Every structure is written in structure tokens, then in C-alpha cells.
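To start, the structure under review is shown below, and the notes come after it.
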Amino acid sequence: MSESSNKTSPSRRQFLTGAAAAGVGAVAAGAAQANGDPLITQVQEWASATGEGVDATPYGLPIEFEQDVVRRNVEWLTADTISSINFTPIHALDGTITPQGCAFERHHSGAIELRKEDYRLMINGLVDTPLVFSYEDLERFPRENRVYFCECAANTGMEWAGAQLNGAQFTHGMIHNMEYSGISLRTLLEEAGLDAAGDLADKWVYVEGADASSNGRSIPMAKALDDVLVAFKANGEALRKEHGYPVRLVVPGWEGNMWIKWLRRIEVTDQAVESREETSKYTDNLANGIARKWTWEMDAKSVVTAPSPQAPIKHGKGPLVITGLAWSGRGAISGVDVSIDGGKTWKEARLAAPGQDKALTRFYLDHVWDGSEMLLQSRARDTTGYVQPTKDQLREVRGLNSIYHNNCIQTWWVKATGEAENVEVS
């Protein structure tokens, strides 16, 4: 049975009072008296001289004290780093917008360098007038700004058979959430003209990149005309090389392999091309040996990012902020529940802001930790009514040998020491 949520959240002052009453001191003994801590009562070296000038770092970088907040890969995951992936340090971030500099990468033949001046985008196939655009041409079209998450279909895939990797960065870090600036794909397709295509209901677009792999993918015309963007900015600045500079495709809510980088060609076709990348992988293996395809949408999912294996509790007993991320490729997050006992009971978390369509949502649960072990879980709900499943519920449908689209509930075993470990509570 689920524990009903208390809609009236206790104030932070109540938390502090409760901690003190429990004999653990203000904020778990972490807050010192104002007249006893020399770091606040005495003048420190950083306040005794002038700092750097405004032009010391022409392009701003994180301060050295945050140098561990970086992307990381798993060496044994792939044969080399050219066709591989690294992971966003989601355990060390807050809010929802992912800085480009630590947003995960996935390459099939390495990140290429392509100048704006050398960039071209072709639209051909079943169009009235085949066209080729330069980068400057694209800049002249009406543009949009949209925040969306991009998630690799293999995110959490290594956890299908059991708890594998010890860290939210590695279990769920194949995801980022950025504000993209670009042009509606519909606008460019209409510029080329679609009368020649006839009935659009059964038409497709085939998109490919300028890199050696091309990573070509087929997208139904209905999606292409809906919310797909041709983007050239992320978080206000030019795309990074590893994210497809100078132009990439944004396919909201759908698996990241369709977000073609270094976008060079869009062909209108009367059927799916079924290229290497949409047949040799990115299909879901079922228990009966059949592989289902066209599972593009990313279902509702969530994860507690702290406490977690890479973000242990260091302050001891008392007030604790449990936080994490939730998302859905089918709409917006409508709510998130958090359990500290492995799913026996649930409390409704506080959303930092109302859920946005196909974007990350930050959630918080303000908790008073008594120092006992916890089995931390989160469970997302979206605006379609879908509820994030357990791993056993997924296995009932897809068996034991699947990889992609693993959106199961994740469990962290938080020990009395504050350290956390990846475990499976199915």
C-alpha cells in the first residue's frame, strides 16, 4: 500500500528545529555558532587582495574546485572511444539544464570538425524542388527556442540483467537537457514543396549526417512535420563539436540515435529506408526471439541523483534533500513519488517547476534522516497517465535479454554510513 502524500510540506525551520530536538544539532551539527568558526569570523586570504581581471578567461570555465564534474566513459563498454559513449555527471548537477561542456556524447565514427563556411544541407527525394542550404541560408528562416531532453536508447541498458554500475552517472547519464535554437523541419520541407509527395500519411524522411558513419535514420512524416527542429544553437551558444556543430537534428521525445549530428541530407521517401543503424541495433529483443522495431518514443523514467553512489550523505543525521530527475518522451511529467523502503510506501515529491513537454523535470523530497538504511527509489508519472514500471514488470513483457528502452525503477541502498550502492529491488 502506498503512503498518502502530505501536501503541507514542513518548513526548513521546522526541519532544523526537529534536528536539534533529536539531539543531532542544527543541520546535523554542521552549522557552527557565529562566534566560533574562524572561516566566518576572521578575514581570509581571498578577501585580502584583488582577484583576476575581467579578461583573465575570455571563455568562462568552471572553477578548479569543480573539476571533478566531468563526463566519464566506461572503458570496457566498447572496443575504442571512436565509436563509443560517455556519460553526463547527473549526480553533480542541479536544476534541469545540462551545460554543453558536460552533456553526454555518443559517436559512431568520432566527432568531426566541419566549418560553417563548408556546411551544406540538402533536401531531396519526393519534393517539388530539391534544395541545398548553406549555414547562412538557414539563419534567415524564422527560428524557435525549445527545451528538450536527448536520451540514448541504451541508457540504463546495462542494468537489465541486474545491478551493474555503481553511480547515477553510469546507470542513467546517457541523457542531457538543453535549450535548442533552430528552425522547424516543417518549414524547410515546405520550402522545398511537398506536393510531389502526394498523400503524406504514408511518407517518411530519411536523414543522415556528414560524418563517416552517416548514421542514417528514417522518421515518419507525421513526426517530421510535428516538432522536429533543425538546430544550430544549444543553451544560447553554438553547438559543440561533439554535439554536431554546426547543425544537428532535434527529434523531441524520441531516442537519441535519431537526433542526427552534422546533418547533411533530408530525403523525402515513400517508405522507411531500414538502414544499418535501424536494423542492426536499436530494436528490442523479446523473450520469444522476435525483435520489435520502431520503438522510438522514450517512456516515462526517473532516477534519484542524490543521495546516490557518487553523491553519498556526508553530513550525518538530520535534514536531507533527496533529489533527482524525471522525464517522458510522450509528454510532461505530472508527478514523482519517492520511496525510502524499496517501494513499500511512497511519498509525493515536490516538482521544482511544472513539468515541460519532453523535457527534464527536477524533483525534491525534504526528509529528516535518522541514520538508518534506506532503499531509495523514484517513480515518475506523465500527463498520459503512464506510471514508471518496475524491472520485473518490464521483464514480463520483454524477457531477460533486452537492452534498449530500460525505464525501470532504480534502487540505491543507502547505508548507515551515508554511502550508497546500486542494488536491485525488482
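The values are calculated or read from the model by the stated rules, or taken from the named source; none is laboratory data. This structure is a prediction, so every number in the text was calculated from the model and none was measured. Reconstructed Cβ throughout: ideal geometry from the backbone, glycine too, with neighbour counts over all protein chains shown. These area figures cover heavy atoms from the full protein model, side chains too; ligands, DNA and RNA do not enter into them. Shrake-Rupley method; radii C 1.70, N 1.55, O 1.52, S 1.80 Å.
You will find that of Ile333, Ile322, the residue that is outside the structural domain of Gly173 (by TED's automatic domain parsing) and in contact with a His (Cβ under 7 Å, 6 or more places away or on another chain) is Ile322 and no other. Looking for something touching an Asp or Glu at 6+ places or on another chain (Cβ under 8 Å), small (Gly, Ala, Ser) and open to solvent by 10 Å² or more (accessible area, probe 1.4 Å) - is there at least one such residue anywhere in the range 163-173? Looking for residues that are touching an Asp or Glu at 6+ places or on another chain (Cβ under 8 Å), small (Gly, Ala, Ser) and open to solvent by 10 Å² or more (accessible area, probe 1.4 Å), one finds at least one in the range 163-173, hence yes. For the range 240-256, how many residues are open to solvent by 10 Å² or more (accessible area, probe 1.4 Å) and of a type outside the set (Lys, Arg)? Count: 4.
Please work out if Pro354 is touching a residue at least 60 places away in the same chain (Cβ under 8 Å) and over 16 Å from the mean Cα position of the chain (by Cα). No; evaluated as a whole, the condition is false for this residue. Does Asn257 meet the test of being touching a helix residue (DSSP H, G or I) at 6+ places or on another chain (Cβ under 8 Å) and over 26 Å from Ala231 (Cβ atoms)? No. Is it true that Pro389 is in a loop (DSSP other than H, G, I, E, B), more than 22 Å from Glu421 (Cβ to Cβ) and open to solvent by 20 Å² or more (accessible area, probe 1.4 Å)? Criteria not met by Pro389. Scanning the range 211-229 for residues that are crowded, with 21+ Cβ neighbours inside 10 Å and farther than 15 Å from Trp254 by Cα gives a single hit, Asn215. Take the conditions (1) within 18 Å of the chain's Cα centre (by Cα); (2) at negative phi; (3) not polar (S, T, N, Q); Leu376 misses just one of them, which is (1).
Checked against the criterion of being open to solvent by less than 60 Å² (accessible area, probe 1.4 Å) and farther than 20 Å from Ile175 by Cα, the candidates Lys347, Lys415 yield just one match: Lys415. Quick one: is Pro354 modelled with pLDDT of 95 or more and assigned to a strand (DSSP E or B)? No; evaluated as a whole, the condition is false for this residue. If you go through the range 306-340 and pick out every residue that is closer than 19 Å to Thr88 by Cα, open to solvent by 10 Å² or more (accessible area, probe 1.4 Å) and assigned to a loop (DSSP other than H, G, I, E, B), you end up with 3.
Only one entry in Ile90, Ile63, Ile82, Ile97 is touching a strand residue (DSSP E or B) at 6+ places or on another chain (Cβ under 9 Å) and more than 22 Å from Pro309 (Cβ to Cβ), namely Ile97. Only residues that are of a type in the set (D, E, K, R) and in a loop (DSSP other than H, G, I, E, B) were counted in the range 283-305, giving 2. Of Leu286, Leu200, all but one fail to be closer than 15 Å to Val127 by Cα and open to solvent by 10 Å² or more (accessible area, probe 1.4 Å); the exception is Leu200. Counting the residues of the range 73-116 that are out of contact with any helix residue (DSSP H, G or I) (no Cβ under 6 Å at 6 or more places or on another chain), closer than 15 Å to Asn155 by Cα and not hydroxyl-bearing (Ser, Thr, Tyr) gives 9.
Checking the structure you have, find out if any residue of the range 360-376 is of a type in the set (S, T, N, Q), in contact with a Leu (Cβ under 7 Å, 6 or more places away or on another chain) and surrounded by 20 or more Cβ atoms within 10 Å (Cβ to Cβ). Checked the range 360-376: at least one residue is of a type in the set (S, T, N, Q), in contact with a Leu (Cβ under 7 Å, 6 or more places away or on another chain) and surrounded by 20 or more Cβ atoms within 10 Å (Cβ to Cβ).
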